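None of the figures in this text is laboratory data; all of them are computed from the coordinates on show. As the structure is a prediction and not an experimental result, all values here were calculated from the model. No Cβ is skipped: glycine too gets one built from the backbone with ideal geometry, and neighbour counts run over all protein chains shown.
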């Protein structure tokens, strides 16, 4: 049985007298992977990132939530502590995320239609879906959950 390369199989490896030999590390670099599409990995990650649709409360649920906020701010003793869950729109794609901020509630700004936390965070009233007051205060444990 005769193979195609039998005549050259036993010859010594050619070494050029004109060109220097390439270092093994440089030779290996020729075959290493590269990013043919710059930024493609980031696009794939962004596409895979999950966002949620904003929950639209009906009129009854909105009025209950408004009453809970009013009761929260009417408490004696200054700024009550509460956990506020709200929708934050995504800056890069449709939808957003639901976040919960816990802290002292300072006031409701009627002109901006925002709830202002003592730490300075401003939450749009139309994006709030749940309010939970600190349970340690007597008579303040309430919750609205519309998920």
Task: C-alpha center-to-center spacing [segment 1-28, segment 42-96] in angstrom - done: 69
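May I ask you to order 3-16, 36-49, 88-101, 120-133 by the average number of other C-beta atoms within 10 Å around their residues, highest value first?
Result, highest mean Cβ count within 10 Å first: 120-133, 88-101, 36-49, 3-16.
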- [ ] For every helix of n ≥ 4 consecutive DSSP H residues, a contribution of -39,500 (n - 2.57) applies; sum these over the chain, divide by its total residues, and give [θ] at 222 nm rounded to the nearest 500 deg cm²/dmol.
- [x] -6000 deg cm²/dmol
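Give me Rg/Rg_expected for the chain, where Rg uses Cα atoms only and Rg_expected = 2.2 N^0.38 Å with N residues.
The value comes to 2.21.
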Task: 5 Å-binned pair-distance histogram of segment 59-133 (Cα, whole percent) - done: 3, 16, 26, 27, 16, 7, 3, 1, 0
